Structure formats: structure tokens, C-alpha cells
1. Name every residue in segment A:277-314 that is in contact with a strand residue (DSSP E or B) (Cβ under 7 Å, 6 or more places away or on another chain), among the basic types (Lys, Arg) and more than 20 Å from A:Arg347 (Cβ to Cβ), in order of residue number.
2. Would you confirm, using the coordinates I've provided, whether A:Arg146 is of a type in the set (Lys, Arg) and assigned to a helix (DSSP H, G or I)?
3. Residues that are within 14 Å of another protein chain (Cβ to nearest Cβ) and at negative phi: which helices (runs of 4 or more DSSP H) entirely in segment B:136-219 hold 3 or more of them?
4. Could you name every one of the helices (runs of 4 or more DSSP H) located completely within segment B:237-332 that has at least 2 residues being within 15 Å of the chain's Cα centre (by Cα)?
5. Taking the residues in segment A:371-384 that are at the interface with chain B (Cβ under 8 Å from one of its Cβ atoms) and either of a type in the set (A, V, I, L, M, F, W, C) or part of a helix (DSSP H, G or I) (or both) as candidates, determine which candidate is surrounded by the fewest Cβ atoms within 10 Å (Cβ to Cβ).
6. Which is outside the structural domain of A:Thr43 (by TED's automatic domain parsing), in contact (Cβ under 8 Å) with a residue 60 or more places away in the chain and surrounded by 14 or more Cβ atoms within 10 Å (Cβ to Cβ), of A:Arg127, A:Arg164, A:Arg148?
7. Go through segment A:385-417 and give me each residue that's at the interface with chain B (Cβ under 9 Å from one of its Cβ atoms) and either in contact (Cβ under 8 Å) with a residue 60 or more places away in the chain or acidic (Asp, Glu) (or both).
8. Within segment B:288-329, count every residue that is closer than 24 Å to B:Trp49 by Cβ and either crowded, with 17+ Cβ neighbours inside 10 Å or not small (Gly, Ala, Ser) (or both).
Amino acid sequence: MQAELNGPGDGAPVLSLRGISKSFPGVRALNAVQLDLYPGQVTALVGENGAGKSTIVKILTGIYQPDEGTIAVRGAETRFPTAQAAGEAGVTAIHQETVLFDELTVAENIFIGHAPRGRFGLIDKRRMEREAAEILASIGADLSPRVRLRDLGIASKHLVAIARALSIDASVVIMDEPTAALSHKEIHELYDLVAKLKAQGKAILFISHKFDEIFRIADRWTVFRDGQFVGEGLMGEVDEGRLVQMMVGREVDQIYPKRPARIGAPALTVAGYSHPTEFEDITFTLHEGEILGFYGLVGAGRSEVMQALFGITRPSKGACRTGDGIRVIRSTAEAIDAGIVYVPEDRGRQGAVRGLPIFQNVTLPSLSRTSKSGFLRLAEEFTLAREYTQRLDLRAASLDQDLGLLSGGNQQKVVIAKWLATKPKVIILDEPTKGIDIGSKAAVHDFMSELAAEGLAVIMVSSEIPEVLGMSDRVIVMREGRIAAEFAGEMMTPENLVRAAAGIRERNAA
Amino acid sequence: MSVTSEEPRGRQIPDRLTSPLRKALSSWELLLFGVAVAIFIANSFASPWFLDPWNLSDASFNFTEKALIAFAMAMLIIAGDIDLSVASIIALTSTMMGLAMMAGAPMPVLVLVGLVTGLVCGAFNGLLVAGFGLPSIVVTIGTMSLFRGISYIVLGDGAFTGYPASFAYFGQGYVWWVITFELFLFALFAVIFGVLLHKTSFGRAVYAIGNNATAARFSGIRVNRIRFILFLQTGLMSGIAAICLTSRLGSTRPSIATGFELEVVTMVVLGGVSILGGSGSIPGVVIAALVMGLVTFGLGLLNVPGIVMSIIIGALLIGVIALPRLWSMWRR
């Protein structure tokens, strides 16, 4: 494996992690993983959402402490109890969204928190500006250190963020999806920058979902899956097919209660739905009794499409057809009238009204039915709430209990009950099992398949491949705001989904 | 899933564990009612003139006008907004009525001008907050200066006097025996707002918005429309209060009702409405209005000087913020 490495300083890794584990309540985020970073080389860390990539970055930058395992810098075992300690050890990170200060100058932004001090502990402004200019020159950024940040464009701000990361004389640079928010031109400038950093002998950890850029700039790869280390090696000795297989190739140990449903008449037809920034030309048909899966990377625009269908945002173009005619949904009230309901991903913010009792949460969108000419009828409300919470096997002390006192899974059941109580024709579930316990997860899956069997049309947005494959009759894959592919039957394989989501062309297939 | 297949799926969840009556018995409102009774008894011992029905009737003026606004303000604060411009709406409304009076408008027109001015002010606040998405505290601090500023421009150092005799009824008339027209309005609107907030789907939506406006919107509630209506409602009640106050004073000065907004908010918060929104009740506000009226009246009977009275009102305001917290700590 240690054959001809390109770039200087091969041999011993500058940073080496062994046996790192990290647990959060109810989740094992990392399980004895390893990672090596070599000077003058780019290591790509590859894995699905939830593989543990963000957790390892937070451990490397001193934000999380590992439960087990060792961190070694140039062979010497060490710990990063704080973010400062990680910085002093030479580890720095460029995040997707670095927090910068608009009212401060470029130099002040670069050195905030560790500005060079002069007499009386005051900031040595001249030295700071000189050093800032040096760093900016080293990354080829033509910026004055004295300019206020608010006068710069987005691309320049990004360069400042990079300069800030480099201002601590790092030997290890972590780039966590650095190109996610960049334009085509800026991405190429970033590639040049990576090459410069390599030439300076820095070890780079590059996290990306985009295979084309991984193959373009990385020297080595490491794959994580479900918090486990899967493998590592040199880029020259692997192809895309093999990486995808390692990313998704898990044993399907969960059994999904998908029942064969009778696919009926079209329940919802969406034609050419577009939004100025979020999605483009979304066209599909959903049938009664069908579970249609929507897969894609985070940021592919799936939730945005669903929220437009639910009337939260308005599409700039396109129309949809439900049972009673063609229309553009302009408000949530109209969507509910049309029989389209949406169980949001962000349950705490968009789904559950904590502070209100369970029964009031259930009846919230159905108040026009449970009330009479605007006056509440509590008996009707309790009847409705009883019926639907019982169907979802809710666990609660009483229906009058504050929703905020329930577990995440039970809150999710109440949110789903709330929507079923409106007797919808189309139910959209956005990451319905994210962050809930296994038991509730199974109940939600079970229930979803029961609903489809009853003839309800279901859209399930999910980033979990086993869930998408286990529950869906058909899968639409979205990428960068567009429908990238649609799979049904035997074409519904993990490899196909990941390829379509990452934009890998067919000719690259292994 | 379940091994016992004969049973219907899911277990029966009881509707309630504590009856509504028991809930009421351990409520903030009941504690506040106890405070009101205690002050009443203390006052009746402290001054021989306190228990006189006509004295009590006169004393009711020191809370009725504020309470009319407090009912609407309570709903607004429960929904997570606030309107600090209410006293200035009174000033502008009174000024507009004064202008109409100077133009020779008869009594019914004066009332109409009052109601419309209040509604327009409320609509203006509501448009800025619900329509343009500006924070209500900033908007209404701005309109607080704006509305009263217009009054100062119109009136300067002067005053409007000479309202028609028929106009005096709203602030000085009696409906029956010692029951003033204002007291009657207080009771009437207490019932109207109590029903609106606690018995209608509109009131339910107000609680939902106050607890989580985003989730309310995601539940099909027209959040901004309701917020607009709440501002409109607060403007209307301020207009009604302006009619009563102008009628009672018989004149309009630009400094009319100065400081009312803080007393209204104090009343609402004392009534158990969370300043952060989401909880509170109209019965609580009704009792809080009585408490504040009794305190002011009792201190007046004891010849407590005005400056000391404002110190006591200030202490009450701080106590109001602290008490609910201590109360909820005690309940746990």
C-alpha cells in the first residue's frame, strides 16, 4: 500500500487515530474507527449521511471528546480537550459555513482569538496586518488586510475563512464539504489552493459527496459506514464502483414491513414545478396505494419540493393535479383542502406545538371539523384525538398531557396522527424516522405500509438507503434541484441510488 | 408487533388525569383571586370609607379603561407579540374625536371617528408586523412616538374642550344604580374575550401561534392573518378606551393616557399571561385588573402621595415578573 506516493513527505502519518469510539444517548456515532493523514497528501473521507464523518471532524477539532481510542500527532499520543488545544497541535478546519464578522477587517477576522500581542497585551495591529498579508499571498488571494469584510463578495469571504484556518500554522487542514456553496469557478480556485497546501507539506482531510472532485484531488481514501471503519487505500487503486459498494454495502438487518399494495389511479400529478433557486422542472405522478421514495444528498432540494407541494413556498412555474383538478397550491390551507399533508423533517420546529396538550395538537388542522361555527367542541376533539393516537399506538399518560413531555418518537406519532385526522389523500413524510428510537421507527414503518394498503398515496423523503429501498414501490433520486433518476423493481439497488445522487455517469460503472 | 392479537391495537389513553375543576383549584388565577380578597379585606379595615358602594364605583374608573385594552393585549401577548403604542392610540383617537367635535360632528359621529381611528392605528401596526415581518416591539415603540407625535402637532400646548353633553355618558354615565357604563363595558368585554380566547378555534390558533408559530403555519393556520387581526383588535379596544377616557375627562390633551401602556402590560402579566407568549387566560386578566384597581384605590384612601404610589406600582411590576417563576418552582 505504501508504494509510490505522489507528493513530498510520504512515510509516517502526521496524524493518526486508532480505535476511536463515540456514543451519544441512544446512538453509537463511531465504533472503533481509524484514520491516518499523511503530510503533503489529500485523504478523502467518504461515507453516507450518518456514517460518522462530522463526528470525527468534531473529535479532531477538540469539540467532542472520544469515549475510547487514541490520537497521535507525529507518533506522540495526545488529547484535544479544547478547540484551542487542537489548534495548538496544528489541526484546523474549514467548515461549510465559517462564522465571520462583517464589521471587522480582513486581518482582524483572520486573527480573531489569537491576534499577535504587543506591549501591555494590546493587539499589535501592524504585525497582524503584515502576517495576514503573508497568509493571503500564500493562498493567492489578492485582498487588502485592512478592508472591512462587509465590503467583500462571497468568494472573497471564503478566502478569508481559509486564510483564518491557515493562520494558526496548521499541519493538518480539514475541509468539510468545502465546495458545497461554491460556484464552478470558485471550485477550481479551491482545487488550486489544495494543490498549494499540498506543496507546503500539509496533510489534508477532504470530506465530500462528489466523486468527481474526490478522484480529481485526493491521494488516499478512507470509507466509513454506520460509524464503522470500512477500509482505506490509495486513490489510484480504486474505482468509483468499489467506493460506492463499500459505502452502502451493509447487510440489510432490518426487516421492512412493506406489504404489496394495489397501485390505483393517479392521486397527485406534478408537472414542471420550478423554484428560482431551489429546484427545477420537477415532474412526477403519484398513485393511490403507492409509496414513492425520494432519495438524494442533503441539499438536493427534496424538502424544498415537498414544502412547495404543501404550500409553504410558491413555485415559480408548474402546476399539480389532485383528484379535483389542476391547480397551483398557494397556501398550506389550500394544500390541506386538496388533501395533501406534510409531516416535516424538523419535528421540533415545524411539527410539534410543545406547550399545547396532545389532543389540541392532533386537532389543530382539523378545527374546522371539530368546531361548530367557530366554537370549539371538546368532546369531538377528544374523540378524534383518541381515535388517531390509538391507531398509532401512542404512549402517553393522558391526552391532556403537554406534547413537549413525550419522547421524540411519540411526538412524531402525534404529528402523524394530526395529519391522518384530516383524512388526506396524499401524505408526504420527510425523514419520518430521523432521530427516533428503533421501536417507534418500526411502528412508523408498519403504519406507513398500512396506510398505503388502505389506498393512501405516500411520499417518503429519506436519506437512509435501507429505509428507501425497504419501504418504497418506486424511488425518485434528486440531485442539485432536479430529478436525476427514477428506479423501480430490480433497478432499485443501493449502488444505483448512490450513483444517481452523486452524479456518477454510467460509463464509470465497475 | 403485539402478541395479543385479539386486543385492538394501541392502548386506551385517558382524556384527562386531573379534572378541569382540580386544575382550576391549583391555578394562578385562584391565587390571584385570594390576593384580591385579601387586599379588599385589608382596605376595608384600613379605611372606613372603602366599603361605600359609591366610592367603590368611583374607584372602578382607575382600572376599567386599561382593562378594556388589557383583554386584547392579553391575546396579543399570548400569540407572542406586543403593542406598546396603545396609550398613543388613545391620544391620537382622542385628538381625532376632538377635531371632529370642533367641526361640529354630533355624538354618534364622534364615537364612529373614535372606533375607526383605533382600527386604523391597529391596522397600521398589524400591517408592519404581520405584513412586513418586522418585530412588534420595535414597530410599536415607533408608532408609540408617531401616534402621540401627531396629537402634539395638532394640539401643541392646547386642548380640545366642549364635548357635547350626550357624549359624557360613556365615561360618566350609570347603567344601573352604582354600575357605571365603563364597568358594564368591562364585564361585557371580559365575557366576549373570555369566550373568544377559550371557546373558539380562533382562540386555539392564538395559543398555537404563541407556542410555535412555525408549526402552526405548517398546520394550515393562517398565522399572519391572525396576528393582523389581533393588532386590529387591540387598536379597536384602544379606540373604545379613548372614547371612555375622553368622555370622562371631557377634554383632550396630547398628554392624555401617558404611561397607560406599561400599566396595561403589568395587568396582563399579573394576570398570569407569559410575556414570552403561549399561555395565560382572560379570567386571570380580569382578576389582575381588580387587584390593581384595589391597590390604587386603597393607597389613595390612605392618602399615600402619588410618588410613593408609583414606587409601589413599580414594585408590583417587578413582583409580577418574579412571582410566576416562584409560583411554578413551588408547584414542582
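1. Once the filter is applied, which keeps residues that are in contact with a strand residue (DSSP E or B) (Cβ under 7 Å, 6 or more places away or on another chain), among the basic types (Lys, Arg) and more than 20 Å from A:Arg347 (Cβ to Cβ), segment A:277-314 yields nothing.
2. So A:Arg146 does not fit the description; no.
3. By residue number, B:181-199, B:201-211, B:213-217.
4. B:260-270, B:282-301
5. This residue is A:Phe375.
6. A:Arg164
7. Result: A:Asp393, A:Asp400, A:Val415.
8. Start the filter on segment B:288-329 by keeping residues that are closer than 24 Å to B:Trp49 by Cβ, which leaves B:289-313, B:316.
With the extra rule that they be either crowded, with 17+ Cβ neighbours inside 10 Å or not small (Gly, Ala, Ser) (or both), the set shrinks to B:289-299, B:301-305, B:307-309, B:311-313, B:316.
Summing the residues that are closer than 24 Å to B:Trp49 by Cβ and either crowded, with 17+ Cβ neighbours inside 10 Å or not small (Gly, Ala, Ser) (or both) in segment B:288-329 gives 23.
The values are calculated or read from the model by the stated rules, or taken from the named source; none is laboratory data. Please read all numbers here as calculations on a predicted model, not as lab measurements. Quick reminder, even Gly has a Cβ in these numbers, built from the backbone with ideal geometry, and neighbours come from all protein chains shown.
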